[in-house]
Structure formats: structure tokens, C-alpha cells
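The values are calculated or read from the model by the stated rules, or taken from the named source; none is laboratory data. As the structure is a prediction and not an experimental result, all values here were calculated from the model. Backbone-built Cβ (ideal geometry, glycine too); neighbour counts: all protein chains shown. SASA here: full protein model, heavy atoms, side chains in, ligands and nucleic acids out. Shrake-Rupley method; radii C 1.70, N 1.55, O 1.52, S 1.80 Å.
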Amino acid sequence: MATSETSENKAKQTCNELEIQEDFTTDIHPLYSRMSRFTVREELRSRPNRLAAIILGLLNVVFILVITGLSVHIDRVSETHNTLTLNSSRISSQLAHLQSEHSSLTESRKTLQNKLDEDTKKITSLQQNLNTMTKLKNDLSSQNQNLQQEKRKLQSQISNLEDNCGRCLPNWVLMNNTCYYFAVSDAVLRKSWAAGRQECKKNGADLLVINTKEEQEFIVDTLKTLRYNLRFHYTNGFWMGLKDDHTEGTWKWLNGTNMTAGYWMPGEPNDDNAAEDCAAVYPAAHPLRAWNDAPCSYPLKWICEKEVDITPHNPQ
Ligand code: MAN
Ligand code: CA
């Protein structure tokens, strides 16, 4: 207790000393004296505050710097953003334009494709028509050739008939001052070689004797022209004045001459059954392969020939 009283007294003493010191100042000016007291007290208390103020100030500066930096960065980003927005809008505009062009081109492509398809169809159709026409043309050309050939033969026939007028018997054909008779009519029955020869002789003629290749062609062509163009059968033959009845294999004409050029069919004469001694001519496809030997007794048609009459024949 005594100790605490002592400490208290010491404190009071210190305080009193301070107050005494203050009292010295009171002699100068009371206001000043109070201010000094305040300042002393503030100085004693503001050291940590100053530090804080400095830190705050520094922080403030840093803050301002950061803000300034951010502001600059934001400006730049904003500028970039604006540029990008502008570019984006340009690109969008270009994209829209390109899309429009693309759809326009797609439409054009469709139209062209349709046109191409149509044209291809037309070309195919025209090609088919062309093929048909070409075939038709070839057929017509072939027919024309046949008709021309027919016409030449008919003209030859007409010429023969005209020239024949009064020079050969009716229904006889004139060729190189020789009159020929072809027993093609259905009304005329087939006869043996000898009977056929008799029919010729009745008209002052004899069976056909072929002297030249041209005469052979004329005979076969005339047979065909007279519509006697039949497929080969031995019965479709016409007796000629040619036989090998004296010596087998030696063919002689009625005028006694030996046959030199023969116009036999392939495989003929074959003297079938060793019984074929008379020769007949057929309306064969090949005029120079048109003869066959057959039995003289077989009934066939025949062909007569005789020189042109010196005096014209005038039928009444
Ligand atoms: C067949 C062939 C001919 C022959 C006749 C008649 O057509 O053998 O060679 O002339 O028959 O017999
Ligand atoms: Ca024969």
C-alpha cells in the first residue's frame, strides 16, 4: 500500500513537473501555449499514421497506375473490338454476297444441267433417227441397185421385143440375129429331150446351142427375167442341144461340135446312175454355173433357137 502510494505520488510529481513546464509557456501567450500542447500530443500519436499514409499513398499511386494501365488496355481492346466488329460486319456482308452468288450460281447450274439433259436426250434421239435413216438409205440404195438392174434387163427385153417385131415368131426372143424360144409357160407341158427337140423343129428351129459366154449369160438372165427364177430342182431345167450319148463324158452339140467351155453346176455332170446323157440349163444364181446332166427321158422344159428369118414375119 505504501508502495502504490509512492508510485502514485511519483506520477503526480511527473505530471506536475510537466504542468510546471507548461506553466513557463503560459507566460508567452495562452493560445500558443495550448497549441503547443496539442502538437506535442499529436506528434506523439501520428508516427504510425504517417506510415499508413505513406503506404496508402503508395497504394494510391499503384492503384492509379493499374487503373491507367487497365484504361489504356481497355482502350486498345475496345479499339481492337471495334476493328474486329467492323471486319466482322464486312465479312458478314461479303458472306451474304457470296451466299447470294452461290445460290444464284446453283440455280444457273441447275438450269444448265436441265438444258444439258434435254440436249443429250435430243442428241440421242437424233442419233437414233440418223441410224434409222442411214439404214433406210442403205436399204433404198440396195433396192435402187436391184431396180436399176431389173430396169436394164427389162429394157433389154423391150429392145428385144421391138427388134423382134416381124423378125422372130411371136413369143420368141431376138438376140444377135438369133431367135430363141423359152418354154416357160405353165400351159406347155414338160417333155423328154427328143420330144422337146421335135417341138423346136415344128417351128423350123432346133434345141439351143451355146457358143459364147455372153450367150450363156443371156440365156440364164432371160430365164430369170421370165419369172422362172426357181430354186434348183432337176425338173426346173431346160433341154439344150447337148449330149454325150455316143461316148460317155464327151459332150457334143447338135451341130456336131465338141463342147469346149461348159457351164456346169458344182458336181456336174455326174452321170447319175450312169443314165444321164442329155444336158439342161437352169435359172441358177450364178449364170456360169447353170448346167446339169439328166436322163434324156426325163420330162423337162426346153429352149429352141434359130437364125432370124430373112423375110419379116407379118402376123395377121
Ligand atoms: C440330182 C442330182 C443331179 C441329177 C438329178 C436327176 O438333182 O444327182 O446330178 O441330174 O438328181 O437325177
Ligand atoms: Ca446330173
Checklist entry - In what sequence, highest mean first, do 287-300, 247-260 appear when ranked by Cβ atoms within 10 angstrom? => result 287-300, 247-260
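Quick check on segment 47-158: take the gyration tensor over C-alpha atoms, sort the square-rooted eigenvalues as a ≥ b ≥ c, and tell me if it's rounded (a/c under 1.5), prolate or oblate. Write down the numbers at each step before the final one.
Numbers: a/c = 13.85, a/b = 10.29, b/c = 1.35.
Prolate.
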Checklist entry - In the structure shown, do any of Lys201/Lys224; Lys135/Lys224; Lys151/Lys301; Lys243/Lys306; Lys151/Lys202 have a Cα-Cα gap over 23 Å, and if so which? => result Lys201/Lys224; Lys135/Lys224; Lys151/Lys301; Lys151/Lys202
Next on the checklist: Leaving out ligands and nucleic acids, and using a 1.4 Å probe, what accessible area per residue does segment 161-316 come to in Å²?
Outcome noted: 53 Å²
Item to check | Per-peptide average of other Cβ atoms within 10 Å, ordering 278-285, 148-155 highest first | outcome: 278-285, 148-155
Item to check | Rg [Å, one decimal], Dmax [Å, integer] - segment 52-98, C-alpha atoms | outcome: 19.6, 65
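Work out, step by step, the length gained on full extension between Arg167 and Leu226: first 0.36 nm times the residue separation, then minus their alpha carbon distance; give nm to one decimal. Kindly include the intermediate steps, with their values, before the conclusion.
Details: separation 59, 0.36 × 59 = 21.24 nm, distance 2.02 nm.
Gain on stretching Arg167 to Leu226: 19.2 nm.
Could you state, as a whole-number percent, how many of the C-alpha pairs of segment 120-239 are farther apart than 23 Å? List each step's numbers first, then the result.
On the way: 3417 of 7140 pairs.
Roughly 48 percent, rounded to a whole number.
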Next on the checklist: Run the simple label-point estimate for Thr212 and Asn87 please: 7 Å along Cα→C-beta, distance reported in nm.
Outcome noted: 10.6 nm
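For a Förster distance of 41 Å, can you work out the FRET efficiency between the beta-carbons of Lys201 and Gln149, rounded to the nearest 0.05?
Details: r = 35 Å, r/R0 = 0.86.
So the FRET efficiency works out to roughly 0.70.
So for segment 150-307, Kirkwood radius off the Cα pairs, Stokes-Einstein at 37 °C and 0.692 mPa s: how many µm² s⁻¹?
On the way: Rh = 15.7 Å.
D, rounded to a whole number, is 210 µm²/s.
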Checklist entry - Under a plain spin-label model, where a point goes 7 Å from the Cα along Cα-to-Cβ, how far apart in nm are Tyr234 and Leu254? => result 2.3 nm
Item to check | Cα-projected label distance for Lys110 with Gln127, points at 7 Å along beta-carbon direction, nm | outcome: 2.8 nm
